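For reference, the structure is listed below as structure tokens.
The values are calculated or read from the model by the stated rules, or taken from the named source; none is laboratory data. Everything numeric here is computed off the predicted structure, so don't read it as measured data. Glycine also receives a Cβ, built like all others from the backbone with ideal geometry; neighbour counts cover every protein chain displayed.
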Amino acid sequence: MTGGRILVVGLGPGPEDWVTPEAHQALAIATDIIGYGPYVARVPVRDGLTVHATDNRVERERARHALELAKAGRIVAVVSGGDPGIFAMAAAMFEVIEHGDATDRGVDIQILPGVSAMQAASARLGAPLGHDFCAISLSDNLKPWSIVEKRLIAAAEGDFVIAIYNPASKARPEAIFDAFRILCGIKSPDTPVAFARAVGRPDERIILTTLAEADPSIADMSTLVMIGSSETRLVPRSDGKQPWMYTPRSYGRKP
């Protein structure tokens, strides 16, 4: 085995200030960058760096390419938006290693965390993740929609705050509408709901509403949808700005 390495790097949601010092250090020593085109474009070009930008939905191909480069002695940074361990490249890397040959398991691999979309959205909103929560992706590319439905029902009946990833795309525009129909059948109509789009980027948009009044059509693949629990509250602000959305740390206590 040569001295190659793989660094799976989380770049956060977008702002440079949200990229960790550890991630910056990894990018500075990498000989190769691999990732989805828009994420790779966020890495400054420099001498000695080879860039391998790919299309979406080729995660396993990226992982295999990274392994080949690392076994040839390269230091490879595989970049993801947000955190690489949440619906992203870290799992894809280990899927390939699990089913690959024995030499893959000898590669030095490090996962470098980043600010996730739900953390960024939560910070903008206040503290909606202050109590128990779950994250559910509406994408059915790698799992059947019946499993998505089952998990939405379980999360709603369990009274979790729900962070919804990948709410809508051109290929499946109805998924978010189906999800809201499920949630509306279980949760209170006055449950706080937030649509947090492109948090931290110039086109950021935050919309606060309720489950009954929510318009699912405003969600796209850049949107994180936050569905509150029965305890989640909106707290008005004296400056007239958008209320804070938060979920108390205790459960079942009157305010």
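For residue 61, all conditions in the list (1) charged (D, E, K, R); (2) part of a helix (DSSP H, G or I); (3) in contact (Cβ under 8 Å) with a residue 24 or more places away in the chain hold save one; what is the number of the exception?
(3)
For region 13-51: of the residues being assigned to a loop (DSSP other than H, G, I, E, B) and over 22 Å from the mean Cα position of the chain (by Cα), which is surrounded by the most Cβ atoms within 10 Å (Cβ to Cβ)?
Going through region 13-51, the residues assigned to a loop (DSSP other than H, G, I, E, B) turn out to be 13-15, 19-20, 30-31, 41-49.
Restricting the remaining residues to those that are over 22 Å from the mean Cα position of the chain (by Cα) gives 30-31, 44-49.
Working: 30: 24, 31: 16, 44: 7, 45: 9, 46: 9, 47: 4, 48: 7, 49: 15.
Checking each candidate, the answer is 30.
Results for (1) among the charged types (D, E, K, R); (2) loosely packed, with under 13 Cβ neighbours inside 10 Å; (3) assigned by TED's automatic domain parsing to the domain that holds residue 140, shown as yes or no for each residue.
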site: 166; (1), (2), (3): no, no, yes
site: 202; (1), (2), (3): no, yes, yes
site: 222; (1), (2), (3): no, no, yes
site: 228; (1), (2), (3): no, no, yes
site: 232; (1), (2), (3): no, no, yes
site: 241; (1), (2), (3): yes, yes, yes
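Matching residues to (1) part of a helix (DSSP H, G or I); (2) over 22 Å from residue 241 (Cβ atoms):
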residue: 164; (1), (2): no, yes
residue: 171; (1), (2): no, yes
residue: 177; (1), (2): yes, yes
residue: 180; (1), (2): yes, yes
residue: 186; (1), (2): no, yes
residue: 193; (1), (2): no, no
residue: 221; (1), (2): no, yes
